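Asker: Pasting a structure here, questions to come.
Read-outs throughout are calculated quantities, based only on the coordinates presented, and are distinct from any laboratory measurement. Please read all numbers here as calculations on a predicted model, not as lab measurements. Note: ideal-geometry Cβ built from the backbone for every residue, glycine included; neighbour counts use all protein chains shown.
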Amino acid sequence: MKQPAKDPKLIKQQRQKMLQFRRQLPIYSGREAIIETIKANDAVIVIGETGSGKTTQIPQFILEAGLASHELGTIAVTQPRRVAAVNLAKRVAEETSSTLGGKVGYTVRFDDTSSNHTLIKYLTDGMLLRELLMDELLLKYKVIVLDEAHERTLRTDMLFGMIKNIQRIRKDKAAQGEDVEPLKIVIMSATLDADKFSEFFDMAKILYVSGRLFPVDTFFTKEPQADYLDASLVTIFQIHLKQGPGDILVFLPGQEAIETLTTLVKEYAAQLRRSQQQVLACPLFAALPPSQQQHVFDPAPENTRKVILATNIAETSITIPGIKYVVDCGLAKMRGFNPKIGVESLLVHPISKSSAWQRTGRAGREASGTCYRLYTEDTFRELDDDTVPEIRRCNLAAALLSLKASGVDDVLSFDYMDRPSRASLVRALEELYSLSAIDDRGHLTELGKRMASFPLDPTFSKVILQSADYGCTKEALAIVSLLSVDSIFYTPSDKREQAAEARRKFLHPDGDHLTFLNVLQAYWEVKGDLGWCRDHFINVRNVKVALDIRDQLVRFCERNNIPPQVSCGTDTDQVLKCFLTGFFRNTALLQPDGSYKSVVGNQIVKIHPGSAMFGKRAEGIMYNELVFTTKHYVRNVSAIQSSWLPEAAPKYFNNMRASV
Ligand code: ADP
Ligand code: MG
């Protein structure tokens, strides 16, 4: 059916209303100054309170001022989050009275609305990195806006260095008379160490947009809260029943928590009397269908208070009008590396102080407000000041592999915002070389390319990739996942003996790796029966976390054409040989006096008393963890034969022999 034509008068009215809205944003008064500064400078840093209009307005200012066009090149605005890219593009399309995919569009993985007509494109940082592989100098763009710069993900850090380099090359080319437009860079953020960024971008000009922030009363809990969902629920209804009008924004770590709390809030809300003000629960998280995401922006119906239950997406990327109360559980899911196996996944972490203040600020945008922190003041004091850049958190070998896969070959002279020491860079490169991820000229190998596509530390991705050759993918996936959690066992201090006895039947003579496998097989046989887990002192929660990670890895294998079910059956030596291809450096050989000496570094290492190998003698051992207390202890240990080593890492051991 054809849509009825819109009344031109109505369209005009809507445009007027939109223009009025734009004009009252704090950033509007700085419009001329922003345009002039961008005109006069190659790189500009804009710091402004969340909601002041940076992301939606600045690209429009640039366009209106003629600083970008189809002839000069268009505007790209990066976002660390996919939901933000989509929502912001929609909003700006609306503000410019255009349809999405016309003047304004977005590009996120598996979803691209941009077209040849697009002048302002919102895209995730991952997508811009991908475009870089196709168009080295990003000539399509005249202005690149790197938004939410404070997030400091590995991807944004990579972009900082790469875009800065592109700007220099384009400037040189233009100066030499080539038909290339110089590139303009705009860095935006709500909170930022502006000077550090300015220095990195050759003393870029810094602009501060003054936001309007009203005072916000902040409260802490007296005691730590055992259950933040419960505490959130109580706080929401205390506000609702005792405080004046205004919507509530609750920060929760993730989708699961949001869904649970949404159900609870709805149940409680149903018990409110008709005469009372009602409650409307609105969830907001990345995986929510876009049509439902829009609900959070709709004004609450009459006599109703909106309660928005959101992830940290509402912290700085998206601003919701009408918020007067903020409830902050102090946690966030962050894309991070699980340090145990380097699996890149979303993990729940305490937030940083600057995140806490951002959350608090959401309550004071339109009038004074209140923020309830569901943690104690002492807990707050112990939080990190800022989120630690991902490059400092993850394994450097993994970061370098990722850089190389994105087309940065010379990782030593790459322009890092937080430069790792040269020694640690060289060590990481050596590690990649010995794993055969790069060749002797430092170029990525075929294996290295495949390793880079896995969300794991390189040692573990190598094990999974090699498992196809060793015919033990099923076993490798199970063991890698189990190694990702603290312990699948649960040992109460008063029942040590009993716990050890109950688990004895899982013990494998070759050590911990195969013992873990036995436990998982038994767990699957009883379908995770809780009584069985209790009787055998199995930590159900950790096993479940591990199985979750296993599911992710299975999907990665399928995408990489590695059949995940291939099993070596009883030929379990295959499993240990396969692990050695990643962990050949974590090995030690038995000495005549019964001690073990590490192959790398010649250190005496002791087997941890908790290991299945404790007190046993094997020709050699392989371990996943080295803990240093008073002695070098190794954990997660298995028996190996020294003759397996050269096969597992020919490059490494042949070189060693040559250098001896
Ligand atoms: P900043 O980037 O400075 O945090 P934004 O440009 O994202 O600010 O947002 C500016 C204003 O636009 C906000 O105050 C917000 O209320 C409004 N806004 C943004 N997106 C939407 C939307 N989808 N619906 C309604 N209002 C929106
Ligand atoms: Mg923004």
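Asker: What are the lysines whose alpha-carbon lies under 20 Å from the alpha-carbon of K631, with same-chain residues fewer than 8 places away excluded?
Answerer: By straight Cα distance, K631 reaches K597, K606, K616.
Asker: So what is the 222 nm mean residue ellipticity for the chain from helices alone, if each DSSP H run of at least 4 adds -39500 (n - 2.57) and you divide by all residues, rounding to the nearest 500 deg cm²/dmol?
Answerer: -12500 deg cm²/dmol
Asker: Consider just the alpha-carbon atoms of segment 131-233 and return their Rg together with their Dmax, both in angstrom.
Answerer: 20.4, 67
Asker: Now for a different question. Could you state, as a whole-number percent, how many of the C-alpha pairs of segment 1-85 are farther apart than 14 Å?
Answerer: Pairs farther apart than 14 Å: 73 percent.
Asker: How far apart, in nm, are the 7 Å Cα→Cβ label points at F219 and V348?
Answerer: 2.3 nm
Asker: Here is a follow-up. Based on DSSP, what percent of beta bridges with both residues in the chain are antiparallel, to the nearest 5?
Answerer: 35 percent
Asker: To the nearest 20 debye, what is the magnitude of the charge dipole of segment 454-650 about its Cα centre, counting +1 on the Cβ of each Lys and Arg and -1 on the Cβ of each Asp and Glu?
Answerer: Dipole of segment 454-650, to the nearest 20 debye: 340 debye.
Asker: Taking the Cα centroid of segment 463-491 and of segment 65-89, what is the distance between the two, rounded to the nearest whole Å?
Answerer: When both Cα centres are located, 42 Å separates them.
Asker: If the cut-off is 20 Å between C-alpha atoms, which lysines fall inside it for K9, apart from same-chain ones fewer than 8 positions away?
Answerer: Answer for K9, where 20 Å is the Cα cut-off: K17, listed by chain and number.
Asker: Quick one: what Rg and Dmax do you get for segment 454-650 from the alpha carbons, in Å?
Answerer: Rg and Dmax of segment 454-650, Cα atoms, are 16.6, 49 Å.
Asker: Which lysines does K544 reach when only Cα atoms under 30 Å apart count, and residues fewer than 8 places away in its own chain are ignored?
Answerer: Result set, ordered by chain and number: K266, K333, K340, K462, K474, K495, K505, K527, K577.
Asker: Would you please state which residues of segment 492-512 a label at R534 would reach in this model, taking the label point 7 Å out along Cα→Cβ and a backbone N cut-off of under 15 Å?
Answerer: The answer is 492.
Asker: Let me ask another. Restricting to segment 216-390, what percent of DSSP beta bridges are antiparallel, rounded to 5?
Answerer: 25 percent
Asker: Can you tell me the convex hull volume per residue for segment 103-174, based on C-alpha atoms, in Å³ to the nearest whole number?
Answerer: 98 Å³
Asker: Which chymotrypsin sites (Phe, Trp or Tyr not before Pro) in segment 564-660 pass both tests, a DSSP loop state and at most 14 other beta-carbon atoms within 10 Å? Spell out each step's value before the answer.
Answerer: Details: sites: F579, F583, F584, Y596, F614, Y623, F628, Y633, W644, Y652, F653; in loops: F584, F614.
Taking segment 564-660 and a limit of 14 other Cβ atoms within 10 Å, the loop chymotrypsin sites (Phe, Trp or Tyr not before Pro) found are F614.
Asker: Mind computing the radius of gyration and Dmax over the alpha-carbon atoms of segment 8-209? Å is fine for both.
Answerer: Taking only Cα atoms of segment 8-209, I get Rg and Dmax of 16.2, 52 Å.
Asker: Normalised by the residues of the chain, what does the relative contact order come to in percent, with Cα pairs under 8 Å and at least six apart?
Answerer: Answer for the chain is 10 percent.
Asker: Calculate, for E267 and W357, the FRET efficiency according to 1/(1 + (r/R0)^6) with r their C-beta to C-beta distance and R0 35 Å; round to the nearest 0.05.
Answerer: On the way: r = 33 Å, r/R0 = 0.93.
Efficiency for this residue pair is about 0.60.
Asker: Give, in nm to one decimal, the length gained when the segment between Q238 and A423 is fully stretched (0.36 nm per residue of separation minus the Cα-Cα distance). Present the calculation step by step, with values, prior to reporting the outcome.
Answerer: Numbers: separation 185, 0.36 × 185 = 66.60 nm, distance 5.54 nm.
Stretched fully, the Q238-A423 segment lengthens by 61.1 nm.
Asker: With charges set only on the Cβ (+1 for Lys and Arg, -1 for Asp and Glu), what does the dipole of the chain come to about its Cα centre, in debye to the nearest 20?
Answerer: Computed charge dipole of the chain: roughly 1160 debye.
Asker: When you count, for each residue, the other Cβ atoms within 10 Å and take the mean per peptide, how do 90-98, 380-388, 567-575 rank with the highest first?
Answerer: 90-98, 567-575, 380-388
Asker: Starting from the exponent 0.38 and prefactor 2.2 Å, build the expected Rg for the chain from its residue count and divide its actual Cα Rg by it. If you can, show how the numbers build up before the last one.
Answerer: Details: Rg = 28.0 Å, N = 660, 2.2 N^0.38 = 25.9 Å.
Normalised Cα radius of gyration, the chain: 1.08.
Asker: How big is the antiparallel share of DSSP beta bridges in segment 67-158, given as a percent to the nearest 5?
Answerer: So the antiparallel bridges in segment 67-158 amount to around 15 percent.
Asker: Taking 7 Å along the Cα-to-C-beta vector as the label spot, tell me the Q641-M203 distance in nanometres, rounded to one decimal.
Answerer: 6.8 nm
Asker: Assuming 0.36 nm per residue, please report the length gained on full extension of the stretch F110 to R381 beyond their Cα-Cα distance.
Answerer: That works out to 93.4 nm of additional length.
Asker: Name the residues of segment 542-586 whose amide N is less than 17 Å from a point 7 angstrom out from the Cα of V526 along the C-beta direction?
Answerer: 542-544
Asker: Next up: Using a Förster radius of 35 Å, what is the FRET efficiency between Q13 and D227 based on their Cβ-Cβ separation? Nearest 0.05, please.
Answerer: Working: r = 49 Å, r/R0 = 1.41.
E(calc), rounded to 0.05, equals 0.10.
Asker: Which whole number in µm²/s is D for segment 216-390 by Stokes-Einstein, with the Kirkwood Rh taken over Cα pairs at 37 °C and 0.692 mPa s? Each step should come with its number before you reach the end.
Answerer: Values: Rh = 16.6 Å.
Stokes-Einstein gives a translational diffusion coefficient of 198 µm²/s.
Asker: OK, next. Which whole-number percentage describes the relative contact order of segment 454-650, with Cα contacts under 8 Å and a sequence gap of 6 or more? Intermediate results must be reported in sequence, preceding the final value.
Answerer: Working: 302 pairs, mean separation 48.3, N = 197.
Across segment 454-650, relative contact order equals 24 percent.
Asker: Then there's this: Can you tell me the relative contact order of segment 8-209? Whole percent, Cα pairs under 8 Å, sequence separation 6 or more. Provide the component values of the computation, followed by the final result.
Answerer: On the way: 329 pairs, mean separation 58.5, N = 202.
Computed over segment 8-209, the figure is 29 percent.
Asker: May I ask you to sort R109, R585 by Cβ crowding, counting other Cβ atoms within 10 Å and putting the fewest first?
Answerer: So the residues, fewest neighbours to most, are R109, R585.
Asker: Can I ask one more? Pop the C-beta distance of E619 and A286 into the FRET formula with R0 = 51 Å and round what comes out to the nearest 0.05. Could you put the intermediate results ahead of the total?
Answerer: Details: r = 50 Å, r/R0 = 0.98.
Efficiency, rounded to the nearest 0.05: 0.50.
Asker: Give me the extension gain from Q603 to N303: residue separation times 0.36 nm, minus the current Cα-Cα distance, reported in nm with one decimal.
Answerer: 100.9 nm
Asker: Next question, about the same structure. Taking the alpha-carbon centroid of each part, what is the distance from segment 395-453 to segment 535-572 in angstrom?
Answerer: Cα centroid of segment 395-453 versus Cα centroid of segment 535-572: 28 Å apart.
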